[in-house]
Amino acid sequence: MAKVCPKCDASYPADAEFCEVDDERLIIVKDDLLSEGQIIDDRYRIIGILGKGGMGAVYRAYQLLMDREVALKILNADTGDANQVKRFFIEAKSASRLTHPNTITVFDFGQTSTGLLYMVI
C-alpha cells in the first residue's frame, strides 16, 4: 500500500505521514488497480492506466459494443462512504447534462455487480 499527497500528487511509502513538499497529510492509495485486458461490466476492456488519485483511477479502455477507445473513471473500491458514492453519481449525472465544446462528454456511468462505480468519458 502506498500513500500520496492530495495537493501535489507526490507518492510516498506506507510509513510516511506528511508530504515533504507541502506538509499535507498523506492519503492511502490501495494498489487494487485493474489489470490490462480485464473486462468491466461486460462492456469495457482495460487497455492501461492513465492516472490515479485519492478517490480512484482513470483507465484507457475499449468500449466493446461501440468499437472505440474511452476513458474509464473508477471510484476506489474502499471508498464505500455513502456520501462519496452519492457525490460520484451527482458528478456523473451533472457532467452528462453538459453540452459545450470545452467540457467532457460522459458516455455512460454505473455500478458493476461487484459494486465498482465507474464513469465513461
Rg/Rg_ref, the chain, where Rg_ref = 2.2 N^0.38 Å and atoms are Cα: 1.14
Principal-axis tilt of helix 82-96 within the chain, Cα atoms, nearest 10 degrees: 50
Here the gain from full extension of E91 to T112, 0.36 nm per residue of separation minus their alpha-carbon distance, amounts to 5.8 nm
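If you take the beta carbon distance between I104 and R25 as r and set R0 to 25 Å, what does 1/(1 + (r/R0)^6) give as a FRET efficiency, to the nearest 0.05? Walk me through the intermediate numbers first.
Details: r = 30 Å, r/R0 = 1.19.
Rounded to the nearest 0.05, the efficiency is 0.25.
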Carbon-plus-sulfur fraction of the accessible area of the stretch 12-121, 1.4 Å probe, in percent? 52
Report, in deg cm²/dmol and to the nearest 500, the calculated mean residue ellipticity at 222 nm for the chain, where each DSSP H run with n ≥ 4 adds -39500 (n - 2.57) and the sum is divided by the residue count. -4000 deg cm²/dmol
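Mind listing which trypsin sites (Lys or Arg not before Pro) in the stretch 41-121 are in a DSSP loop and have 14 or fewer other Cβ atoms within 10 Å? Could the numbers behind the result be given before it?
Working: sites: R43, R45, K52, R60, R68, K73, K86, R87, K93, R97; in loops: R43, R97.
Within the stretch 41-121, the qualifying trypsin sites (Lys or Arg not before Pro) (loop, at most 14 other Cβ atoms within 10 Å) are R97.
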In terms of modelled amide H atoms, which long-range or inter-chain residues lie less than 5 Å from the amide H of F18? L26
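What is the count of Lys pairs in the chain whose alpha carbons sit under 17 Å apart, if the two are 8 or more places apart or on different chains? Don't skip to the answer; put the middle values down first.
Numbers: K3/K30; K3/K52; K7/K52; K30/K52; K30/K73; K52/K73; K73/K86; K73/K93.
For the chain, the number of qualifying lysine pairs is 8.
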Applying the Karplus parametrisation 6.51 cos²θ - 1.76 cosθ + 1.60 with θ = phi - 60° to the phi angles of the stretch 48-53, what ³J(HN,Hα) value in whole Hz is obtained for each residue in order, glycine and proline being reported as x? x, 8, 9, x, 9, x
In nm, give the distance between the simple-model label positions of Q38 and D67, each being 7 Å from the Cα along the Cα-to-Cβ direction. 2.8
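The values are calculated or read from the model by the stated rules, or taken from the named source; none is laboratory data. Since we're looking at a predicted model, the values are computed, not measured. Virtual Cβ from ideal backbone geometry, glycine too; neighbours counted across all protein chains shown. To get the accessible areas, we keep the full protein, side chains included, count just its heavy atoms, and leave off ligands, DNA and RNA. Shrake-Rupley method; radii C 1.70, N 1.55, O 1.52, S 1.80 Å.
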